[in-house]
Amino acid sequence: MVCPQCGSQVPDGSGFCPSCGASVSSGQAQQAGPFGGQQPNYGQQPNYGQPPVPYGSAPQTPIKADRSLATYILLSIVTCGIYGLYFLYRLAKDVNVMCEGDGESTPGLAALILLTYITCGFYSYYWYYKLGDRLQANAPRYGLAFKESGTTVLMWDIVGYLTCAIGTFVAMNIIIKNTNALATAYNSRLYTR
């Protein structure tokens, strides 16, 4: 198969192009022809394997790739938890941008707070679990591989509940580390041309 975005060869059965990260379904991909599944590039700048950025779809600024657990904890304490809420809001928003097209959506802060309240706290575990799984599932789009899945995050959260929140910080560190790695790869694809 050939990627309809960049024209690179895509292994059969792949959901994403290994070169540009575009979502590829068997109906979209084309068999290689004389131009590798693309129209000839007469008089245009070559793409060099970078995904095209449609007008108005790329964020105006790069996604934050230097989040830190220490900053998260310190600013959450100083602001009585307000920064922690803002952090989760931006995290969900950035993950939705980086993982766009994967068929999933990470609910925002309002849904997280409301559903956590309604379920007596259980929804927050599910939210972190789904976030960890989504980061791991989208890592191959950017040439990355994360060992930690949503199950790892969930287990550390449960251990955190039993160990005075220490495991919760480990789970948050996993989320931050994987989000930073994905953001770095995402930014390099969009902004280094």
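The values are calculated or read from the model by the stated rules, or taken from the named source; none is laboratory data. Bear in mind that the values here come from a model prediction, so they are computed numbers and not experimental data. Virtual Cβ from ideal backbone geometry, glycine too; neighbours counted across all protein chains shown. Only protein heavy atoms, including side chains, enter the accessible area calculation; ligands, DNA and RNA are left aside. Shrake-Rupley method; radii C 1.70, N 1.55, O 1.52, S 1.80 Å.
For Asp102, Asp12, the ranking by accessible surface with the largest value first comes to Asp12, Asp102, using a 1.4 Å probe.
Put a plus charge on the Cβ of each Lys and Arg, a minus charge on the Cβ of each Asp and Glu, and nothing anywhere else: the dipole of the stretch 81-181 about its Cα centre is then about 140 debye. Evaluating 6.51 cos²θ - 1.76 cosθ + 1.60 at θ = phi - 60° for every residue in the stretch 133-150, the Karplus couplings come out as 5, 5, 4, 5, 5, 8, 4, x, 4, 10, x, 10, 9, 9, 6, 8, 10, x Hz, glycine and proline recorded as x. A Förster radius of 25 Å, combined with the Cβ-Cβ distance separating Ala70 from Val97, puts the computed FRET efficiency at roughly 0.50.
Across the stretch 83-88, computed HN-Hα scalar couplings (Karplus, 6.51 cos²θ - 1.76 cosθ + 1.60, θ = phi - 60°) run 5, x, 5, 4, 4, 5 Hz from first to last residue, x flagging Gly and Pro.
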